[in-house]
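A short reminder: the numbers here are calculations on the coordinates, not readings from a lab. What you are looking at is a predicted structure, and each value in this text was computed from that prediction instead of being measured. Virtual Cβ from ideal backbone geometry, glycine too; neighbours counted across all protein chains shown.
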Ligand code: CTP
Ligand code: MG
C-alpha cells in the first residue's frame, strides 16, 4: 500500500528559545529539511504541518498544511490531509533518521497495523520524592523510551485520534493513542541518534552529530 510521511513541525520551540523549532538550522540545514530529506526517498508523499503564516524553508520538498494548537491537533490534521494506506508520523525536531529504522517500522506495521521505535534506557530511574529527595526506585528493566518515527494503518490511527478527542485525552505521542484502546503496537529498536532537539544543550549535540552524519 501507499505510505505518506507526516511531519508535525508546527510547534513554537519554547524550550529551545530560537523561534519555531523546525526552522532552526544545524550546520546550514533546517531540522525540518533534514527530516524531510531522510524520509522522502522511502515514502510516496511527504506532508508537513507548519505554524500558521509560515512557509516551507527553501528547498524543502513536501506538501504543507497549517498545524494545530497542540502536537496531537497537528497530527490529526495531517492524517486528514492524506489518503495513503499507511502513515509514518515523525517529529521535525528529530532530524537524524536512520534508514534501517524506517524499514523495520514499515515491515512491522504490515503485521500489527501500529509500530513505534522504542529505546532501552541506560540510566537508573527514580521517582522524585518529598523535598526533591530520592523517592521510589523504578526498575528500568523492560522500560523503553518512545521516539518517532511511528508507523500506522491510516484508518487505525485516525480512529484512535477521534476517540482521544471524544474522551478529552491528551497524549504525548500517537502510538499511545492506539495502545490506550487496547490496540497492538509493535516496538522496534530505537536509535540514540533519534533524540529530540528540545533544549539549547541538545542543539550542541545535534551540531556535533551533523558533522558526522553529513560526512
Ligand atoms: N508540534 C506541532 N504542533 C504543535 C506543537 C508541536 O506540530 N502545536 C510538533 C513540533 O514542531 C515538533 C514535535 O511536534 O516537531 C514535537 O514537539 P516539541 O518537541 O514539544 O516541539 P515544540 O512544541 O516546538 O517545542 P516546545 O514544547 O519547547 O515549545
Ligand atoms: Mg511542545
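General remarks:
- Highest-first packing order for the peptide set 129-135, 2-8, 99-105 is 2-8, 99-105, 129-135, based on the mean count of other beta carbon atoms within 10 Å.
- Each pair of Cα atoms in the range 70-157 enters the Kirkwood radius, and Stokes-Einstein at 4 °C and 1.567 mPa s then converts it into a translational diffusion coefficient of 85 µm²/s.
- Of the beta bridges in the range 95-215, as assigned by DSSP with both residues counted there, near 70 percent are antiparallel.
- Working from Cα pairs under 8 Å separated by at least six residues, relative contact order for the range 1-133 is 30 percent.
- Space enclosed by the convex hull of the alpha-carbon atoms of the range 6-120, per residue, Å³: 122
- P(r) tail fraction, the chain - alpha-carbon pairs more than 22 Å apart, %: 51
- C-alpha center-to-center spacing [the range 107-163, the range 17-51] in angstrom: 23
- Per-q log10 I(q)/I(0), the range 87-215, q = 0.10, 0.14, 0.21 Å⁻¹ (Debye; single scatterer per alpha-carbon; no solvent): -0.40, -0.75, -1.21
- Within the range 7-124, DSSP assigns beta bridges of which about 25% are antiparallel (rounded to the nearest 5).
- When DSSP beta bridges are restricted to pairs lying wholly in the chain, around 45% turn out antiparallel.
- The range 150-211: C-alpha pair distances exceeding 13 Å, %: 68
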